[in-house]
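Values in this text are rule-based calculations from the coordinates and carry no lab data. All values derive from a computational prediction rather than experimental measurement.
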Amino acid sequence: MKSFFLKKITRLVFLIACGLILSQCAEKTSPQYVEEGMKFTRNEEYGRALESFLHAIDKDKRNTQAYYGLGGIYNVQESYAQAVAMFQTAVQLDPTFMDAYYSLGYSFEMLGNKDEAKINYDRYHDLKGKFDKYMEKERNKN
C-alpha cells in the first residue's frame, strides 16, 4: 500500500515540476518579443509585429527597442502621431538612441512639422558624428 501511494505522490510531483518547467519555457522575454516583432516586420506582417512589440513593452517598460519597433510600425501604417509618441519615449529612455531621433524627425516631417523634424534630424546627425568619431578613434587604437 505504501508503494502505491509513493508512486502516486512521485507521479504528482513529477507532473507539477513538468508543468512549472514548461510554463517558464513558454514565457518569452521582452528582447525575445522584440526579435519576434523584427522578424514579423521583415516579413511585412505588421499586425503581428505590432502585437509582439506591445508584448515586449508589457514585459519591460524600459525596452527602447520595443518602442522603436512599435514606432516603425506606426509609421508604416501612417499613424505618425502615434509613431512620434513611441520614438519620444525611446529617446527619453535613451537620449543617445540616434536612430530614434532620425525616425522622430521623419514622423514630424510627415505630420508637416518641419521645425521639430529639423531639430530631430540635427540631433541624429550630431550623435552620428560623435559616434563615428569615437569608432574611428577606437579603430586607430589597434
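Key figures for this structure:
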read-out	value
Residues of segment 36-68 that turn out to be closer than 18 Å to residue 84 by Cα and among the polar types (S, T, N, Q), as a count	3
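Per-residue answers, yes or no, for (1) closer than 23 Å to residue 35 by Cα; (2) among the β-branched types (Val, Ile, Thr):
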site: 57; (1), (2): yes, yes
site: 61; (1), (2): yes, no
site: 87; (1), (2): yes, no
site: 94; (1), (2): yes, no
site: 109; (1), (2): no, no
site: 112; (1), (2): no, no
site: 126; (1), (2): no, no
